[in-house]
Amino acid sequence: MEQVKFTYCQLVFVCCFCCFTMNYSSAQNKTEFSFKYRDTYFPMVTNTEEFKAEYKNTPLDETWGLWGHNLPKWIPFYIPQDSPVYALIDNDRNKEQFCFSSEELKEIIIKNIKDRKKSYDYYMINPNDNGLVCQCDKCKAAGNTQTDASPALFNLLGELAEKFPNQEFFTTAYISVKTPPKKQQPKNVGVFFSTIEYQKGKPYRDFPEADELKNQLKNWKEKVNEIFAWEYALNYDDYFDFYPNLKVLQENLKFLKENGITGIFINGSETYSALQGVKAGSIARLLMKVDSDLNEIISDEVEKRFPSDTNQFICNYYLAIQDDFAESKKPMGIYSGIGEAIKKYIDFKRFNEFYKQLEKASSLEENNFNLQALLLSATFLKLEQMRYLGMQPNGYAIFKDFEIQVLPETKKLLENLALLAKNTGIDYYDEPNDKISDYIHLWKKEIIENDKTNYFIHQKLKSISQLDEAYSNIKILNNGTYGFLDYNTNWLICTVENLKIQVPHQEIYKKTNQIKVGLLNDPKHQIYFPTEIILQNNGQENKVTIKPSLKKEKKTIEIPLDFNKIDGDFTLTFIRPKNKKSKNAIACDEIIIN
């Protein structure tokens, strides 16, 4: 074989080129990309090799040896309940939280890192997702308070950082870790700053609290080398809500970069969410270059993912609602009902026109997943609008002769939703993984198959008790809008005092002998069944006792009543449960007299 010879200059060039090639990725991270760390978490889209290569996304499964609130997975099964691994709360070890001063816990973490052969760049050591803070002597000596676990936790992070200088150790500024450590941390200790408290669908710089947010970031930056932000991209109570926040998100990414944030994790969805490919691609490109032309990016991402004869009207609609969302002064959080979406960005005329175009296009492309999944999202969104509006224009029914008459369109949409879910294999519609099939079942049980007669619809009623500021519309109790298991749509929620309403007596009520009341029990959100409902009229009263429940459920309570014996107005009082550790909310959707 002939030997290849190089001149000195050629060798220098080759060496320089090789060095450039080897360092190209890191150089881009340092000089060209807006953020050092970038993860747009929509695994159905972003975990593909094609996406990672094109968008330079950094999937958490490949870079994080431990992520989120997963420290419990590292604790061996044989560790006893009373182990010093766990937090000391009220003089007892509590398995719901950790003692971060524990030598045993530190050794468990070190062993797990070693077992992974240092193959990951990042490790996240978080308290469990609650407000418990260890009160052992070591933790209190470190500086722990009843609500702040930062001192002991950062001591542990510092020790881990020293032992593993090539890895970076993070925690999350969230719940019990809200204050920066007092001491300067090693260079490989950082913090994830959750922006969840600022998620209102508006640019951070426009908030009255903008300076407060800047100061928080500044205070963290003074103590840790890296601050990554945990950002949000969806309405997590409804993955099929378009939640068009990309323009707002772009402004917020600029704000975060200006204030020292060097990495971004975008909290997307593990299951399908509306236009997830477009949203994931657009955000990933913003993380690379935050000042990019967003309209061009969105247009390009839509064009990549939808048939050529559909991408124009899809793009036009998506860009229009991006503008509406960004320009609206109405707040909309990342856990919102359809009512907030309607106030924020949904124009009924525009949406209905878009839906007709989408329905027609989808009938010609039955095997196109993106198109069918988008139609599923829009169908769900349309049904939610109809449920919220009740018997108003664009609602699910009309009211005639004291009867709710469900429109044929409503039933057809439910049939289509079931078929689309089956054909696409999409089962869930929100963060808790509630099923589309259960949603359809609730429609049938609560609305389609329910007794449609209600003499109480639109009758005058008055609240005698104080109502919550955010839930002051007493008319929701008799307007034909039904609540399901989501507390934020069609429920009147009371947290300040017992709910007491005055009901004017009507002659027509004598046709019936009962009142029905729809109630919600949702312990996770501190919403419970009332302990009693008391009906009072001229000194007489009728009580119904309700058993407490630990599960999330809706129940309709029937109150027997002889209306022939009712003289004048009567009152209904809903007694809130007593629990000092909870806000003890109660929720009621419809009062039915039939």
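The values are calculated or read from the model by the stated rules, or taken from the named source; none is laboratory data. Source: prediction; values computed, not measured. Cβ: placed from backbone, ideal geometry, glycine included. Neighbour counts: every protein chain shown. The accessibility values were calculated without ligands, DNA or RNA, using every heavy atom of the protein model including side chains. Shrake-Rupley method; radii C 1.70, N 1.55, O 1.52, S 1.80 Å.
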*Close pairs from region 481-499: first within 9 Å of LEU520 (Cα to Cα) and part of a loop (DSSP other than H, G, I, E, B), partner of a type outside the set (D, E, K, R) and open to solvent by 40 Å² or more (accessible area, probe 1.4 Å), Cβ under 8 Å, at least 6 apart*: TYR487/HIS525; TRP491/TYR471
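Just to verify a result, which residue in region 271-287, among those that are in contact with a strand residue (DSSP E or B) (Cβ under 7 Å, 6 or more places away or on another chain) and open to solvent by less than 10 Å² (accessible area, probe 1.4 Å), is nearest to ASN311 (Cα to Cα)? Don't jump to the end; show me each part of the working.
Step one: filter region 271-287 for residues in contact with a strand residue (DSSP E or B) (Cβ under 7 Å, 6 or more places away or on another chain), giving 271, 280, 283-284, 287.
After this cut, where a residue has to be open to solvent by less than 10 Å² (accessible area, probe 1.4 Å) as well, the list is 280, 283-284, 287.
Values: ALA280: 17, ILE283: 19, ALA284: 20, LEU287: 24 Å.
The extreme case among them is ALA280.
Would you mention how many residues in region 555-592 are out of contact with any Cys (no Cβ under 9 Å at 6 or more places or on another chain) and under 23 Å from TYR471 (Cα atoms)? Step through it out loud before you land on a result.
Here is the first cut: in region 555-592, the residues out of contact with any Cys (no Cβ under 9 Å at 6 or more places or on another chain) are 555-573, 575, 577-584, 589-592.
Retained after the next criterion (residues that are under 23 Å from TYR471 (Cα atoms)): 555-557, 570-573, 575, 577-584, 589-592.
Count: 20.
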_Leading residue by the ranking (nearest to THR262 (Cα to Cα)) among those in region 33-90 that are in a helix (DSSP H, G or I), under 25 Å from the mean Cα position of the chain (by Cα) and among the aromatic types (Phe, Trp, Tyr)_ = TYR55
*Failed item in (1) assigned to a helix (DSSP H, G or I); (2) buried (at least 16 other Cβ atoms within 10 Å of the Cβ), with ILE334 passing the rest*: (1)
*Note down all Cβ pairs under 9 Å where the first residue falls in region 297-311 and is open to solvent by 50 Å² or more (accessible area, probe 1.4 Å), the second is small (Gly, Ala, Ser), and they're at least six residues apart or on different chains.*
ASP300/GLY281; ASP300/SER282; LYS304/GLY277; LYS304/GLY281; ASP309/ALA361
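Would you confirm whether or not region 172-179 contains a residue that is among the aromatic types (Phe, Trp, Tyr) and at pLDDT 95 or above? So that I can check it myself, show each step before the final result.
Step one: of region 172-179, the residues among the aromatic types (Phe, Trp, Tyr) are 174.
Next cut, at pLDDT 95 or above only: none.
Looking for residues that are among the aromatic types (Phe, Trp, Tyr) and at pLDDT 95 or above, one finds none in region 172-179, hence no.
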*Starting from region 399-421, take each residue that is closer than 29 Å to ILE508 by Cβ and list its partners that are open to solvent by 100 Å² or more (accessible area, probe 1.4 Å) and part of a loop (DSSP other than H, G, I, E, B), counting only C-beta distances under 8 angstrom and pairs at least six apart or across chains.*
PHE399/HIS458
*Mind listing whichever residues of region 254-267 are open to solvent by less than 10 Å² (accessible area, probe 1.4 Å) and closer than 22 Å to THR171 by Cβ?*
LEU256, ILE261, GLY263, ILE264, PHE265, ILE266
*Which condition breaks for ALA378 when tested against (1) assigned to a helix (DSSP H, G or I); (2) modelled with pLDDT under 95?*
(2)
_Return the residues of region 422-471 that are in contact (Cβ under 8 Å) with a residue 60 or more places away in the chain, in contact with a helix residue (DSSP H, G or I) (Cβ under 7 Å, 6 or more places away or on another chain) and of a type in the set (S, T, N, Q); say none if nothing qualifies._
THR424
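Residue by residue, here is whether (1) in contact with a helix residue (DSSP H, G or I) (Cβ under 8 Å, 6 or more places away or on another chain); (2) among the acidic types (Asp, Glu); (3) open to solvent by less than 40 Å² (accessible area, probe 1.4 Å); (4) at pLDDT below 50 holds:
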residue: VAL14; (1), (2), (3), (4): no, no, no, yes
residue: TYR24; (1), (2), (3), (4): no, no, no, yes
residue: THR46; (1), (2), (3), (4): yes, no, yes, no
residue: GLU49; (1), (2), (3), (4): no, yes, no, no
residue: LYS56; (1), (2), (3), (4): yes, no, no, no
residue: PRO59; (1), (2), (3), (4): yes, no, yes, no
*Scan region 162-170 and give yes if some residue there is modelled with pLDDT of 95 or more and on the phi > 0 side of the Ramachandran plot, otherwise no.*
no
*Would you confirm whether any residue within region 105-119 is in contact with a Leu (Cβ under 8 Å, 6 or more places away or on another chain), of a type in the set (D, E, K, R), within 20 Å of LEU153 (Cβ to Cβ) and surrounded by 15 or more Cβ atoms within 10 Å (Cβ to Cβ)?*
yes
*asked:* Show me the strands (runs of 3 or more DSSP E) found entirely inside region 505-594 where at least 3 residues are open to solvent by 10 Å² or more (accessible area, probe 1.4 Å).
replied: 532-537, 540-545, 553-560, 570-575
*Inside region 476-494, can you point out the residues that are more than 20 Å from ILE593 (Cβ to Cβ), of a type in the set (Ser, Thr, Tyr) and open to solvent by less than 40 Å² (accessible area, probe 1.4 Å)?*
THR489
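Can you name the residue in region 120-170 that is among the acidic types (Asp, Glu) and over 17 Å from PHE228 (Cβ atoms) and is also most open to solvent (accessible area, probe 1.4 Å) among such residues? I'd like the intermediate steps shown before the answer.
Of region 120-170, the ones among the acidic types (Asp, Glu) are 121, 129, 137, 148, 159, 162, 168.
Within this subset, residues satisfying the condition of being over 17 Å from PHE228 (Cβ atoms) are 129, 137, 148, 159, 162.
On the way: ASP129: 90, ASP137: 125, ASP148: 27, GLU159: 85, GLU162: 147 Å².
Ranking the qualifying residues of region 120-170, first place goes to GLU162.
Which ones in region 197-227 are touching a strand residue (DSSP E or B) at 6+ places or on another chain (Cβ under 9 Å) and either at pLDDT 95 or above or open to solvent by less than 60 Å² (accessible area, probe 1.4 Å) (or both)? Don't jump to the end; show me each part of the working.
Residues of region 197-227 touching a strand residue (DSSP E or B) at 6+ places or on another chain (Cβ under 9 Å): 199, 216-217, 220-221, 223-227.
Listed by number, the residues that qualify are GLN199, GLN216, LEU217, TRP220, LYS221, LYS223, VAL224, GLU226, ILE227.
Taking the stated definitions as given, is LYS462 open to solvent by 20 Å² or more (accessible area, probe 1.4 Å) and in contact with an Asp or Glu (Cβ under 6 Å, 6 or more places away or on another chain)? Can you show your working first?
On the way: open to solvent by 20 Å² or more (accessible area, probe 1.4 Å): yes; in contact with an Asp or Glu (Cβ under 6 Å, 6 or more places away or on another chain): no.
Against the criterion (open to solvent by 20 Å² or more (accessible area, probe 1.4 Å) and in contact with an Asp or Glu (Cβ under 6 Å, 6 or more places away or on another chain)), LYS462 does not qualify.
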*asked:* Which condition from (1) part of a helix (DSSP H, G or I); (2) closer than 24 Å to TYR198 by Cα is the one that PHE313 breaks?
replied: (2)
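Quickly run through region 384-410 and pick out the residues that are among the polar types (S, T, N, Q) and on the phi < 0 side of the Ramachandran plot. First the steps, then the outcome.
First, the residues of region 384-410 that are among the polar types (S, T, N, Q): 385, 392, 394, 405, 410.
The answer is GLN385, GLN392, GLN405, THR410.
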*asked:* Tell me yes or no: at least one residue of region 360-372 is more than 26 Å from GLY277 (Cβ to Cβ) and either in contact (Cβ under 8 Å) with a residue 60 or more places away in the chain or aliphatic (A, V, I, L, M) (or both).
replied: no
_Cβ pairs under 9 Å, 6+ apart, first in region 131-159 and on the phi < 0 side of the Ramachandran plot and aromatic (Phe, Trp, Tyr), second assigned to a helix (DSSP H, G or I) and crowded, with 19+ Cβ neighbours inside 10 Å_ = PHE154/ALA142
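On the given criteria, is LYS412 at pLDDT 95 or above, out of contact with any Gly (no Cβ under 6 Å at 6 or more places or on another chain) and not polar (S, T, N, Q)? Walk me through it before giving the result.
Working: at pLDDT 95 or above: yes; out of contact with any Gly (no Cβ under 6 Å at 6 or more places or on another chain): yes; not polar (S, T, N, Q): yes.
Taking the combined requirement at face value, the residue satisfies it.
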